[in-house]
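One structure is given here, and the rest of the page talks about it.
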Amino acid sequence: MISEKLKDIIINEDCNAYFDEPMSLHTSFRIGGKTDCFCEVNTVESLRKIIACCREENTDYFVIGLGSNLLVSDDGLDGIVIKLGGDFEEITLEDDCTIRCGAGVSLAKMCLFAKNKALGGAEFAWGIPGSVGGAVYMNAGAYGGEIKDIVVSSRYLDENGNIGEITGDQHDFSYRHSFYSEKKYTILDVCVKLSPKSKNEIFYLMQDTMDKRKKKQPLNRPSAGSVFKRPEGYYAAALIEDCGLKGVSVGDAQVSEKHSGFIVNNGRAKAEDVKSLIRKVQDVVKDKTGVELECEVRFVGNK
């Protein structure tokens with residue numbers, strides 16, 4: 001439950017808040033039960049006040065980007081879900097080759113901004129359906145590029161309301177991991193360093209990346225992208241397909257017939273359907289190949 005004190009802060013800070021809000025409206029999987037409050041926060045100061053009150057009132061809080069790598073429980077999320085909007089969606093050119101992105105900026109917006117400034121290096125991110133903050137949190141990547149290749153610094157808010165900044169190797173980037181992965185810090189903004197490149201060349205690279213996505217990925221169905229991390233020496237999708245699991249379903253959750261590394265929602269899939277299907281895939285692949293598949297998708301919620 002949300003206390004009256006927290007409600008007052010949300011209202012006074014002019015946040016966009018929705019109570020008893022279905023999380024299925026805010027995840028790319030289109031799955032998830034209700035949260036007590038879904039709140040779009042527009043400034044660092046508002047974020048600081050809300051998190052401070054949550055700690056005082058012993059209220060759970062969870063910060064999301066674009067909800068593209070989440071599986072939210074059918075029983076929802078207690079407390080408050082915070083989405084970064086307003087100031088967190090601003091993007092600016094810091095110098096000739098450095099772009100500062102608010103954590104709520106979509107990767108698509110970042111890529112387009114870079115193209116318009118004739119700056120290359122971010123083309124790999126074109127089509128990844130997430131936010132810059134989320135991409136840094138998990139070191140998102142595709143088609144030979146990762147966010148670690150372009151990030152030079154990031155600022156964050158810790159649980160105690162302190163703003164900090166890390167640079168370069170302090171991000172501790174590795175495969176789908178960063179400095180932030182085990183911390184309850186909220187990424188505020190990120191600086192990426194790119195390099196001069198012709199707009200036409202950037203456009204064609206972005207187009208090539210999108211063509212590959214359309215050809216290989218089930219973009220016409222709700223999903224959370226690649227479900228499993230890449231096992232060392234293997235490709236998860238190839239292992240899954242070789243084990244005869246392509247197209248296998250639990251309820252309305254299905255291993256995509258187009259790309260076995262994806263699980264898609266065919267209409268009314270529940271979180272438990274997806275979890276059951278993930279366990280089935282993991283068990284069969286382990287039994288037949290000896291390889292343990294680790295989830296890339298984050299499970300959040302009450303169960």
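The values are calculated or read from the model by the stated rules, or taken from the named source; none is laboratory data. Worth saying up front: this structure is predicted, and the values here are computed from it rather than measured. Ideal geometry is used to build each Cβ from the backbone, glycine not excepted, and the neighbour counts take in all protein chains shown.
Here are a few things to note about the model shown:
- Test set (1) over 24 Å from Asp95 (Cα atoms); (2) among the hydrophobic types (A, V, I, L, M, F, W, C); (3) modelled with pLDDT of 95 or more - Leu194 fails condition number: (1)
- Qualifying positions in the range 176-204 - part of a strand (DSSP E or B) and closer than 26 Å to Pro231 by Cβ: His177
Okay, residues lined up against (1) within 16 Å of Ala224 (Cβ to Cβ); (2) in the same structural domain as Gly164 (by TED's automatic domain parsing):
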| position | (1), (2) |
| --- | --- |
| Ile50 | no, no |
| Cys53 | no, no |
| Glu57 | no, no |
| Ile82 | no, no |
| Glu94 | no, yes |
| Gly102 | no, yes |
| Leu107 | yes, yes |
| Met110 | no, yes |
| Tyr143 | no, yes |
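- Residue within the range 203-217 that is in contact with a Lys or Arg (Cβ under 9 Å, 6 or more places away or on another chain) and under 21 Å from Lys275 (Cα atoms) present: yes
- Among the residues making up the range 14-36, those that are over 30 Å from Gln254 (Cα atoms) and either in contact with a Cys (Cβ under 6 Å, 6 or more places away or on another chain) or buried (at least 18 other Cβ atoms within 10 Å of the Cβ) (or both) are Cys15, Ala17, Phe19.
- Filtered by the rule that a residue be part of a strand (DSSP E or B), of a type outside the set (S, T, N, Q) and surrounded by fewer than 23 Cβ atoms within 10 Å (Cβ to Cβ), the range 216-266 gives Gly225, Val250.
- Yes/no for Lys83 being more than 30 Å from Ala271 (Cα to Cα) and surrounded by fewer than 22 Cβ atoms within 10 Å (Cβ to Cβ): no
- Qualifying residue in the range 109-117 (condition: in contact with a Lys or Arg (Cβ under 8 Å, 6 or more places away or on another chain), surrounded by fewer than 16 Cβ atoms within 10 Å (Cβ to Cβ) and not basic (Lys, Arg)): yes
- Members of the range 250-274 that are out of contact with any helix residue (DSSP H, G or I) (no Cβ under 7 Å at 6 or more places or on another chain) and polar (S, T, N, Q): Gln254, Ser256, Asn265, Asn266
- Residues of the range 277-303 satisfying the condition of being in a loop (DSSP other than H, G, I, E, B) and either crowded, with 19+ Cβ neighbours inside 10 Å or without any contact (Cβ under 8 Å) to a residue 12 or more places away in the chain (or both): Gly290, Leu293, Glu296, Val297, Gly301
- Residue match in the range 262-276 (condition: basic (Lys, Arg) and free of Cβ contacts under 8 Å to residues at least 12 places away in the same chain): no
- Taking the numbered list (1) surrounded by fewer than 17 Cβ atoms within 10 Å (Cβ to Cβ); (2) more than 30 Å from Asp273 (Cα to Cα); (3) without any contact (Cβ under 8 Å) to a residue 40 or more places away in the chain in turn, Arg55 passes all entries but (3).
- In the set Phe228, Phe262, Phe299, only one residue is under 16 Å from Val72 (Cα atoms) and of a type in the set (Phe, Trp, Tyr); that residue is Phe299.
- The range 15-45 - residue that is of a type in the set (D, E, K, R) and touching a strand residue (DSSP E or B) at 6+ places or on another chain (Cβ under 9 Å) and, of those, nearest to Thr59 (Cα to Cα): Asp36
- Qualifying positions in the range 149-170 - in a strand (DSSP E or B), acidic (Asp, Glu) and touching a helix residue (DSSP H, G or I) at 6+ places or on another chain (Cβ under 9 Å): none
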